[in-house]
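Notes follow once the structure below has been shown.
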Amino acid sequence: MRITCPICGERDIREFTYQGAAVALDRPDPEAGDEAWDHYVHLRENPAGRTRDLWYHSGGCSAWVVVTRDTVTHEVFDTELAEEAKA
Amino acid sequence: MRIPGKGLIDETQVSFRFDGHAYEGRAGDTLASALLANDVRLMARSFKYHRPRGPLTAGSEEPNALVTVGEGARRDPNVRATVQEVYDGLVARSQNAFPSTSFDVMAVNDLLSPFLSAGFYYKTFMWPRAFWEKLYEPVIRRAAGLGALSGEPDPDQYEKAFAFCDLLVIGAGPTGLMAALTAARGGADVILCDEDNRMGGRLLAENEEIGGMPGHVWAEEVLDELRDMENVRLMTRTTVTGAYDQGTYGALERVRHHRPRGPLPKSCFWRIVAKRAVLAAGALERPVAFRNNDRPGVMTAGATRAYLNRWGVAAGKSVVVFGNTDDTHRTARDLIAAGVHVPVVVDNRHDAEPQGDYRVIAGGHVVNSSGRRGVEAVEVAHANGRRESFACESLAMSGGWNPSVHLACHMNGRPVWNDAIQAFVPKPGMIPGMTAAGAANGTFSTHGCLEDGQQAALDALSDLGRKAEADTLPPAGDAPYRIRPLWAVPGRGRAWLDFQNDVTVKDVKLAAQENFRSVEHMKRYTTQGMATDQGKNSNVAALAVLADATGRAIEETGTTTFRPPYTPVPIAAMGAGGGGIGFAPQRFTTSDAAARQSGAPMIEAGLWYRPSYFPKPGETTWRQSCDREVRMVRDAVGICDVSTLGKIDIQGPDAGAFLDFVYTNMFSTLKVGRTRYGLMLREDGHVMDDGTTARLGAHHYLMTTTTAAAGNVMKHLDFVSQALRPDLDVRFTSVTEQWAQFAVAGPKSRELLQGLLDAFTPEDWPFMACGDISVMGVKGRLFRISFSGEHAYEIAVPSRYGDSLYRELIARAETLGGGAYGMEALNVMRIEKGFITHAEIHGRTTAFDIGMERMVSDKKDCIGKTMSERPGLMDPMREQLVGLKPVGAVKQLTAGAHLYNAGEEPVRENDQGYITSNCYSPTLDTVLALGFLKNGRARHGEKIRMVDSLRGLDALCEVCDPVFLDPKGEKMRG
């Protein structure tokens, strides 16, 4: 599999470390309540199809990258820096 | 039998050995062609019935002729004789036969075959259950099987490599050559791979003209042009084994299988990344299932022609030909032209006519073969049912051709059935960026292949944004492909489908009859297609038989799943460089050489190597050295390299706010020139890591992490900075390798530094102070921190001074009655002080568990704070950090042992906690342990039972505070 790092360009998957769903970007307010925090820390979808997830370019520039891809076909639709996905 | 004047290989003689006999072959021969030239056709015994077998094919799809090449630890089992090239000194032998292939005692299985039908093992070895592991399985494993590994480490070298290109062309037959030529002329970077040692594909095996010259001459001309182009890489002996995501392909290059031992690696596993690919892998011929179709001498017609036209070898003096396409007649013509007798051509098509001077039985079938260790005669049934026998030494058979769709299906796509050619073909788009062309796409004429190859390349060029125009194609054969289905000839007896796993038509029918009607069930019940050849010759025929037995059409029956690799890939090649020392990177400190010179045994700490202890003359056990080193630090001074701890340099106006967010406690309030211990949580509220962070300037901090978690912490900081708080103006980088850092610990540490540092005033360096210093003219840093509980410092200099500073420190320490200490002593001293490591913060402990809940500041938010406040994580009945000392007769405490209330049975339900670290403390002259105990902080003074079921220990101990020594910290602060 190949992932395009927005900084370094297209690279082999072995340069990246998988983290999990991009839900991790949306950290709730400390007072958001148990349910919001439970969702943030524990609950994840497991879709057959389109996902947005976080990859760390550990073997490259150390960028956190949000990858939009398909878990069935492995097609990668889009990548963007977590920093910018956040903004 | 070699036919003088025939073949494309030169006359150079090479000597090799097979099963102990010396033979002569020619350079360019495969082991199979060389043995056939020597009239050796019995090369193996079959897997299950131990039937005598010879080569069925002339390529990598070979199911029968598997041999072991090489000797001793270098031996390579299950090598296909049809792929192995001969060279001077090659040693090969047959396998799966005892004592020899010509007399094999296990051939008794063949007589027992009525009892060894599909599902035999499932049905027979059911009972009694206990017999399975002890009796049945070992016996079956010994009886079945192919070649064996040597059982020794493989001394050969392997390699892995990467390549990138615009267009990858898989297969160098007419289609692939034309595709590569077109793309290369259009300026694309092209890699052309072929699994054979010579490119040309079927053009090397057929009498076929292209552009008015023999096909192999045309191929050579194309190759000459390609060789001269800088944008082309030709890779022979390279099998593309798998198609993966985003245009990544795996390929195995046989680098040194065709020559004697030398400096080159045996094979190389390539990962090729291609923007576009053309699958020009050709087609594989199908055998026909009829009674005793597995005798040596029975081979596919395409193989017969390949042996004849490429290697100049006739499969026998007389060859009967049997088939269902015009290839049958091509075979007869080639054989007759070479002077081989063709007694009869059996064509199952009723309208078949002779295309030369030979007899044709139209609408007929070969129904049986006979002979002792090879075919001596075949029996033919005429269309009207009349039987006739023909003496022959070989039978060339063809059931038609299967396009090599394998790679196209590696991403889970299924091929589609094409009725006109009675075969599966790829659907477009099964692998993004890859196009199948030529025979692999079901186009069987040479002209069609050239046209297909050119078009595929033009399409790829256009995709790549390059302009290219079609050249005029050279004239080539364009005869239509006329086929009449021919899968299994009806009749009694065993007719083989899968030669390698000994699966017959009967087995497939039996599977259907026993309701294993799905193709995936049939496969597993019969083992059809599950051998090393993965059913390349047999799967489609088996499907046809299953379709017939279940009353369905072939397309309705469907195929099994195609998975990589196309041909076997040695794990050694895929993992090349990863064995032994290459398994993981090794990191060495600047004091590594000095430590090893002192005779210190090194232990791994993550990727680092650190000294375990420093043995002195007379010390015979590690404990003696360790105890001495502990006393040395406690009484005088010790030196320890602590450079392996992660060091992260953090700068920016928001550095303090950033640290406040990642640590539970406050760092923005830390004064410049001071250091603070910090605790880091995961977002789920559990402890991630701990360490000290120094404030070197208003906007400048230096964080230390534990050795083991340095990488994780860096990743975490990157995440927090980029994904959660991109608003903070902060940047950081790892400086672990840039600084060499040494602990100078013990009551005499001050004295040691006084002589060493330029202008050192101890009063300016209170506990937890930090700042710049000068060490004999070198700028460094000093930290007044302690992991031993002693008055201690850590002194850091740029790495290039590490070795000399370390040696200087040791020399000065020795004059003060001190010296180096290793990991064992370090561990003892931190346990004496109740300092935690990842043995304690193992991922399931909270700040509350280790008694640090007050370190979670209520003035601010931080990672993990909200979740750490969950009631379950603050429950007093949680296991809390405690100290333990033995008080009974057994004076041993062990990490991993569990704790129980005295008087309760040591079972899981009564579990009270566990021990995480233990040591013998020479300072306190007792065994000590740290552990976690339910409600432990409230239970100091209680007696508790430790049970180590693994080591058979049962000890009584007393619960106490985890800080055993100097609880007020007077020594380290003083």
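The values are calculated or read from the model by the stated rules, or taken from the named source; none is laboratory data. Predicted model, so just to flag it, every value in this text is computed and none were measured. Cβ: placed from backbone, ideal geometry, glycine included. Neighbour counts: every protein chain shown.
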Exercise. B:F661: more than 28 Å from B:Q586 (Cα to Cα) and surrounded by 18 or more Cβ atoms within 10 Å (Cβ to Cβ), yes or no?
Worked result: yes
Problem set entry | Within the range B:520-552, tally of residues that are without any contact (Cβ under 8 Å) to a residue 40 or more places away in the chain, surrounded by fewer than 23 Cβ atoms within 10 Å (Cβ to Cβ) and within 18 Å of B:W417 (Cβ to Cβ) | 4
Exercise. Can you name the condition, by its number, that A:I3 falls short on among (1) crowded, with 16+ Cβ neighbours inside 10 Å; (2) at the interface with another protein chain (Cβ under 9 Å from one of its Cβ atoms); (3) more than 17 Å from B:D245 (Cα to Cα)?
Worked result: (3)
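Out of the range A:18-27, which residues are out of contact with any Ser or Thr (no Cβ under 8 Å at 6 or more places or on another chain) and more than 8 Å from every other protein chain (Cβ to nearest Cβ)? So that I can check it myself, show each step before the final result.
Filtering the range A:18-27 for residues out of contact with any Ser or Thr (no Cβ under 8 Å at 6 or more places or on another chain) gives A:18-20, A:22-27.
A:Y18, A:G20, A:A22, A:V23, A:D26, listed by residue number.
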Seminar exercise, completed: Of (1) under 27 Å from B:S868 (Cβ atoms); (2) at the interface with another protein chain (Cβ under 8 Å from one of its Cβ atoms), A:H74 satisfies every one except (1)
For this session: Considering only the range B:1-102, give the strands (runs of 3 or more DSSP E) lying wholly within it that have at least 1 residues that are among the small types (G, A, S), under 25 Å from B:S113 (Cα atoms) and not assigned by TED's automatic domain parsing to the domain that holds B:R305.
Result: B:90-94
Exercise. Does B:L8 satisfy the criteria of being touching a Leu at 6+ places or on another chain (Cβ under 9 Å) and within 15 Å of B:V83 (Cα to Cα)?
Worked result: no
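Could you say which residue among B:A332, B:A277, B:A281 is over 30 Å from B:R74 (Cα atoms) and assigned to a loop (DSSP other than H, G, I, E, B)?
On the way: B:A332 fails: assigned to a loop (DSSP other than H, G, I, E, B); B:A277 fails: assigned to a loop (DSSP other than H, G, I, E, B).
Among B:A332, B:A277, B:A281, only B:A281 is over 30 Å from B:R74 (Cα atoms) and assigned to a loop (DSSP other than H, G, I, E, B).
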Exercise. Taking interchain pairs and intrachain pairs at least six residues apart, which have beta carbon atoms under 7 angstrom, with the first residue in the range A:63-84 and more than 23 Å from B:G413 (Cα to Cα) and the second basic (K, R)?
Worked result: A:V66/A:R52
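For (1) under 19 Å from the mean Cα position of the chain (by Cα); (2) within 14 Å of another protein chain (Cβ to nearest Cβ); (3) hydrophobic (A, V, I, L, M, F, W, C); (4) outside any loop (DSSP other than H, G, I, E, B), each residue gets a yes or a no:
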position: B:V240; (1), (2), (3), (4): yes, no, yes, yes
position: B:A243; (1), (2), (3), (4): yes, yes, yes, yes
position: B:G250; (1), (2), (3), (4): yes, yes, no, yes
position: B:R261; (1), (2), (3), (4): no, no, no, no
position: B:W270; (1), (2), (3), (4): yes, yes, yes, yes
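Residue by residue through the range B:752-778, note down the ones that are in a helix (DSSP H, G or I) and either within 17 Å of B:P798 (Cβ to Cβ) or without any contact (Cβ under 8 Å) to a residue 40 or more places away in the chain (or both).
Within the range B:752-778, the subset in a helix (DSSP H, G or I) is B:752-756, B:762-764.
Across the range B:752-778, the qualifying residues are B:Q754, B:L756, B:P762, B:E763, B:D764.
Going through the range A:40-52 one residue at a time, which ones are more than 12 Å from chain B (Cβ to nearest Cβ) and not aliphatic (A, V, I, L, M)?
Just the residues of the range A:40-52 that are more than 12 Å from chain B (Cβ to nearest Cβ), to begin with: A:43-52.
Of everything in the range A:40-52, those that are more than 12 Å from chain B (Cβ to nearest Cβ) and not aliphatic (A, V, I, L, M) turn out to be A:R44, A:E45, A:N46, A:P47, A:G49, A:R50, A:T51, A:R52.
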For this session: Kindly state which helices (runs of 4 or more DSSP H) lie completely within the range B:780-894 and contain at least 3 residues that are within 14 Å of chain A (Cβ to nearest Cβ) and of a type in the set (F, W, Y).
Result: none
Problem set entry | Index of the failed condition, B:V240 passing every other in (1) surrounded by fewer than 18 Cβ atoms within 10 Å (Cβ to Cβ); (2) in contact (Cβ under 8 Å) with a residue 24 or more places away in the chain; (3) touching a strand residue (DSSP E or B) at 6+ places or on another chain (Cβ under 7 Å) | (1)
Problem set entry | B:R310 of a type outside the set (V, I, T), crowded, with 24+ Cβ neighbours inside 10 Å and either within 30 Å of B:R492 (Cα to Cα) or touching a Cys at 6+ places or on another chain (Cβ under 7 Å) (or both) | no
For this session: Those residues that are surrounded by 22 or more Cβ atoms within 10 Å (Cβ to Cβ) and facing chain A (nearest Cβ under 10 Å), I need them from the range B:697-718; list them, please.
Result: B:L717
For this session: Find the residue count for the range B:158-197, including only residues that are of a type in the set (G, A, S) and within 14 Å of another protein chain (Cβ to nearest Cβ).
Result: 2
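Conditions tested, residue by residue: (1) without any contact (Cβ under 8 Å) to a residue 40 or more places away in the chain; (2) in contact with a Ser or Thr (Cβ under 6 Å, 6 or more places away or on another chain); (3) hydroxyl-bearing (S, T, Y); (4) assigned by TED's automatic domain parsing to the domain that holds B:D326.
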site	(1), (2), (3), (4)
B:L497	no, yes, no, no
B:N501	no, yes, no, no
B:V505	no, no, no, no
B:S518	yes, no, yes, no
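Every residue in the range B:682-713 that is of a type in the set (A, V, I, L, M) and in a strand (DSSP E or B), please. Step through it out loud before you land on a result.
Residues of the range B:682-713 that are of a type in the set (A, V, I, L, M), as a first pass: B:687-688, B:694, B:696, B:698, B:702-703, B:708-710, B:713.
B:V687, B:M688, B:A694, B:L696, B:L702, B:M703 - these are the residues of the range B:682-713 that are of a type in the set (A, V, I, L, M) and in a strand (DSSP E or B).
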Seminar exercise, completed: Scanning the range A:8-19 for residues that are over 14 Å from the mean Cα position of the chain (by Cα) and surrounded by fewer than 13 Cβ atoms within 10 Å (Cβ to Cβ), the one modelled with the lowest pLDDT turns out to be A:R14
